[in-house]
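Okay, so here's the structure we're looking at.
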Amino acid sequence: MIAPASASLSAIYRYPIKGLTPEPLPAVALAIGQTLPADRAYAIENGPTGFDPASPVWKAKTHYLMLMRNERLAALSSHFDDATHTLTIKADGAVVAQGDLRSPEGRTAIEAFFAARFADELRGPPKVLDGEGYSFSDVPMKVVSIINLGSVAALEQMIGRRVDPLRFRANFYVGGWPAWAELDMIGQTLAIGEARLKIVKRTVRCAATNVDPVTAARDLAIPQTLQQNLGHADCGVYAEVIAGGRVKSGDAVRVEQSSLFE
């Protein structure tokens, strides 16, 4: 495989509330062993889970409202304000719920919206969850998720139509790598801006990727397509931050240990 000499960070996204709107960032400060700041900092509990914010223990995404099962979340437009911790949710351009997630009143307003809007999909009263420094990620470790835009382009060829990269809800979108190159990078170190990240795990795709992030239509069969064409459902990787620092969109992405590409 040819070494990807000119890869760059095309986009950065965070997801403050699990399952809700991606928020683009021009730059981000990474800390060792942490996710992007505020990434998956909150989740909407789908029925009682026993989650203890004082002593959070990782639980599978099926305990929360999420796109794999609750695709109507994609039809909502949400924004999280860091300074006030206010979550604003819009539907069809109009504000339908708003609240400070740190206050009982604000949480109640958000919970009431989900209780009414998703009544037929709930296993119990919805509840806004957060834990100090906890991330409601799909994996127990604190990671940065990375998508190779070259792999998305190859997937488009398999499917025969455009695939919005945001279906994969990654933090970093990298351009310039050959298709599927990221799957052979486990154990490799990436240099991006001031930070260094070690790739630790492939990302196994689930049915959430079948949901169009704009229309909320469940209109593709991405895990099945990957399985049929590649023999697995992997697309993208997780990486741990091993050296912190500022990273910005447009930064070069270098593989510091490039033996796999020689």
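Which one of these does residue 50 not meet: (1) over 16 Å from the mean Cα position of the chain (by Cα); (2) on the phi < 0 side of the Ramachandran plot?
(2)
Among the listed residues 69, 40, identify the single one that is within 17 Å of residue 16 (Cα to Cα), assigned to a loop (DSSP other than H, G, I, E, B) and of a type outside the set (Ser, Thr, Tyr).
Every option except 40 fails the conditions.
Report, by residue number, each residue of region 225-244 that is touching a Leu at 6+ places or on another chain (Cβ under 6 Å), over 18 Å from residue 168 (Cβ atoms) and surrounded by fewer than 20 Cβ atoms within 10 Å (Cβ to Cβ).
Scanning region 225-244 gives a single hit, 244.
Do we find that residue 72 is out of contact with any strand residue (DSSP E or B) (no Cβ under 6 Å at 6 or more places or on another chain), farther than 26 Å from residue 170 by Cα, among the basic types (Lys, Arg) and outside the structural domain of residue 244 (by TED's automatic domain parsing) in this structure?
Spelling it out, it is not the case that residue 72 is out of contact with any strand residue (DSSP E or B) (no Cβ under 6 Å at 6 or more places or on another chain), farther than 26 Å from residue 170 by Cα, among the basic types (Lys, Arg) and outside the structural domain of residue 244 (by TED's automatic domain parsing).
Could you list, in sequence order, the residues of region 87-112 that are of a type in the set (Ser, Thr, Tyr) and over 23 Å from residue 214 (Cα atoms)?
Within region 87-112, 103, 108 meet the criteria.
Please work out which one of (1) within 30 Å of residue 242 (Cα to Cα); (2) part of a strand (DSSP E or B); (3) touching a helix residue (DSSP H, G or I) at 6+ places or on another chain (Cβ under 6 Å) is the condition residue 79 fails and give its number.
(3)
In region 47-66, what residues are touching a helix residue (DSSP H, G or I) at 6+ places or on another chain (Cβ under 9 Å), surrounded by 16 or more Cβ atoms within 10 Å (Cβ to Cβ) and part of a loop (DSSP other than H, G, I, E, B)?
Hits for region 47-66 are 49, 51, 65, 66.
Taking region 103-132 as the region of interest, how many residues are part of a helix (DSSP H, G or I) and either of a type in the set (A, V, I, L, M) or not assigned by TED's automatic domain parsing to the domain that holds residue 86 (or both)?
Applying the first criterion (part of a helix (DSSP H, G or I)) to region 103-132 yields 104-117, 119-121.
Those still in the list that are either of a type in the set (A, V, I, L, M) or not assigned by TED's automatic domain parsing to the domain that holds residue 86 (or both) too: 109-110, 112, 115-116, 119.
Selection size over region 103-132: 6.
Might you check whether a residue that is in contact with a helix residue (DSSP H, G or I) (Cβ under 6 Å, 6 or more places away or on another chain), of a type in the set (Gly, Ala, Ser), within 20 Å of residue 121 (Cβ to Cβ) and surrounded by 23 or more Cβ atoms within 10 Å (Cβ to Cβ) occurs anywhere in region 15-28?
The answer is yes, given that some residue of region 15-28 is in contact with a helix residue (DSSP H, G or I) (Cβ under 6 Å, 6 or more places away or on another chain), of a type in the set (Gly, Ala, Ser), within 20 Å of residue 121 (Cβ to Cβ) and surrounded by 23 or more Cβ atoms within 10 Å (Cβ to Cβ).
Out of all the residues in region 211-221, is one or more among the acidic types (Asp, Glu), farther than 26 Å from residue 35 by Cα and surrounded by fewer than 15 Cβ atoms within 10 Å (Cβ to Cβ)?
Yes.
For residue 77, all conditions in the list (1) of a type outside the set (Asp, Glu); (2) outside the structural domain of residue 255 (by TED's automatic domain parsing); (3) modelled with pLDDT of 95 or more; (4) under 15 Å from residue 208 (Cβ atoms) hold save one; what is the number of the exception?
(4)
Determine which member of the set 124, 150 is closer than 30 Å to residue 239 by Cα and either among the small types (Gly, Ala, Ser) or in contact with a Cys (Cβ under 7 Å, 6 or more places away or on another chain) (or both). Steps first, answer last, please.
Numbers: 124 fails: closer than 30 Å to residue 239 by Cα.
Exactly one of 124, 150 is closer than 30 Å to residue 239 by Cα and either among the small types (Gly, Ala, Ser) or in contact with a Cys (Cβ under 7 Å, 6 or more places away or on another chain) (or both), namely 150.
For residues in region 9-37 being outside any loop (DSSP other than H, G, I, E, B) and hydroxyl-bearing (Ser, Thr, Tyr), which is farthest from residue 139 (Cα to Cα)?
10
The values are calculated or read from the model by the stated rules, or taken from the named source; none is laboratory data. Keep in mind that what you see is a predicted model, and the values were worked out from it rather than measured. Every residue, glycine among them, receives a Cβ derived from its backbone with ideal geometry; neighbour counts consider all protein chains shown.
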